[in-house]
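Only the coordinates and a few stated rules stand behind these numbers; no lab work does. Quantities reported herein were computed from a predicted structural model and do not represent experimental measurements. Virtual Cβ from ideal backbone geometry, glycine too; neighbours counted across all protein chains shown.
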Amino acid sequence: MADFHLHITGTLGLLLGACLAAGVFADVLHLPKVTAYLLVGLLVGPSLMDWVPQEHLEHFDPMLKLAMAVVLFNLGCEFTFTKFRRIAGRCLVLSGAEICATFGLVLVGLLMFGCSGSMALLLACLAVATAPATTILVLKEFRSEGPVTESTGFLVAINNFACIVLFEFGFLAIQLTQGQLESSLWGQVGNVLLNIAGSIALGVVGGVIVSYGCGLLNIKRWLVLLVATATFLLGVNESLQIPYMLTFFVMGVTVANTSDSKSKIGDELDHLSGLLAVLFFAVHGTELDLHAFLAAGTLGAVYVVFRLVGKWSGVYLAARLTRQPLEVRHWLGSCLFAQAGAAIALSTIAVARNPELGKPVQDIILGSVVLFEIIGPLFIRKSLLETGEVPLAQAINHAPRSPLEQVRSVGDRFRSAVWGTAAPNGAMNGVSVNKLVRKTKGIHQSARFDDVIDHIEHSHDNTYPVVDDRMSVVGVIRYPLLSDVMFDLSASQLVRAEDLISETTVMLYPDEPASRAFELFQAETDDCIPVVTSAEPHELLGVVRRSDVVHALITQRRKKK
């Protein structure tokens, strides 16, 4: 026993088991599960308990890259060309301002505190990156929807692309000023552009293969096709030493625009991505270095502060100048704080190219990532709640039962089985309507037909509340009833929202139990019900969706098992 060494499969089991326990504590403490997994990795890693052998972690690298690839693929699948055209106008301005503000503030701030020009330039380039896996998986965990969620996905993609490009050209600028170019400047620039073009081309090819293959194969074989394509492309990227993150994002975009089954493809990948995500963050947590965080010193603190300020202020100023909604102005920037994969990978490349310059850059990145990866998910959660893009029930979890409560539950189930079943909505007695509300301002009754269509294009529902000047609900518009007007161009020029409404007497108050919503949906065909204030004039607060009620019902029942 003195020579006992834990096998790598034991390490895998240890990490997954610890994450399982952490997920329970995350529910109790109202933390995003991503943060819990990172903290577990930090706890069992070299910085604290040192239970995980370092050589084992290196063997997990292919799975971690596959996890990142899957996340980026899923992100790309959200961007059809139609959606891109719809959001690009407002998001490109926000992205450009945020990138410039972050790059500029970090660069100037580091120079002010005595950092060398070369080191400040590289850190400014890396500051632009936002952790895609952390950010996107938190959004998926809370099932958020709305302009902030939509814009976050777009800005994350642009940030990481911009970071890669800025880093490559920043390194070229440093080599040029130090006279270290191995070939001509234009040759180096051409090599960078060739790598980016190759990465994009591989993504397009992979996307076409997936779309074509999923159209031919039975759905039971899709997961094998997806994993085979992803792992092969990942290997090609590694062999050619070109950025794989761009490849898989482009692959997702290609599938989104060439396949009718992109949602089903995403569902198939979810069977794998959930487990990979747990492993990704647990292993990533073990790599967080508290000693590097403490050793980063003044320059590390300056980097952290100026990066946070740059991310938030860039988005805020651009959103204010372009008159975007208050939710976007105040909360979009704080969804971009997380930083990990891209910055760490590029800092490692910097060490390989120039150890004297790259090592202090890597130390600051590894040190600051400890903070960014812990606070990043917390800021995302706070932003989603403040903007109303996630029902409160998604972010609030009830504490698990005590052993005594579980004994009582078993007894109750036995009595229920002997004497009769419980009411179908009994599982939802602890949930109120206000925890399921998705905020919406509705459609004003005087809105033109084009404005109604614009609202529909931004909505995920098929039923839309219509309000008057006092924000009172005067009726609802049902999407199936719009077909006659949508294809009558002459009528659509004259129609207003009030001409399209259907009367509705079905409404909910925020303090009602969710079981009331369950009862109403049993008698209704609409996919959502308006929620209004209890007092006159019964102003619209938002809607409750049938899918959210069902999800809450399933969740509550699972908690009782």
Which of THR254, THR231 has the fewest Cβ neighbours within 10 Å, and the rest in rising order: THR231, THR254
Crossing angle, helix 341-353 versus the chain [Cα axis fit, 0-90 degrees, rounded to tens]: 10
Crossing angle, helix 117-127 versus the chain [Cα axis fit, 0-90 degrees, rounded to tens]: 30
Pairs of Cα atoms farther than 28 Å apart, region 22-390, %: 44
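Rounded, prolate or oblate: pick one for region 136-270, where a ≥ b ≥ c are the square roots of the eigenvalues of its C-alpha gyration tensor, a/c under 1.5 means rounded, and failing that, prolate if a/b is larger than b/c, else oblate.
On the way: a/c = 3.07, a/b = 1.67, b/c = 1.84.
Verdict is oblate for region 136-270.
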Principal axis dimensions, region 125-174 - Cα atoms, whole angstrom, descending: 43, 18, 12
Shape call, region 46-104: gyration tensor on alpha carbons, a/c limit 1.5: oblate
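Find me the longest stretch of the chain that has none of the exposed GluC sites (Glu not before Pro), where exposed means in a DSSP loop (not H, G, I, E or B) with at most 13 other Cβ atoms within 10 Å. Don't jump to the answer; show the numbers that get you there.
Details: sites that count: GLU182, GLU503.
The segment 183-502 is the longest one with no such site.
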Integer Hz, Karplus 6.51/-1.76/1.60 couplings in order for region 258-263, x for Gly and Pro: 10, 10, 8, 10, 4, 5
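Which ordering of THR348, THR130, THR82, THR149 is given by a fewest-first count of other beta-carbon atoms within 10 Å? Walk me through the numbers on the way to the answer.
Numbers: THR348 14, THR130 30, THR82 10, THR149 22.
In increasing order of surrounding Cβ atoms, one gets THR82, THR348, THR149, THR130.
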Relative contact order computed over the chain (Cα-Cα under 8 Å; 6+ residues apart), in percent: 18
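I'm a student and want to see the number: the projected area of the Cα convex hull of region 71-197, averaged over all directions, in nm². Write down the numbers at each step before the final one.
Values: hull surface 37.5 nm².
Reported value for the Cα convex hull: 9.4 nm².
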Per-residue Cβ neighbour rank within 10 angstrom, fewest leading, VAL532, VAL227, VAL452: VAL227, VAL532, VAL452
Angle between the chain longest axis and helix 355-387 axis [Cα atoms, degrees, rounded to 10]: 10
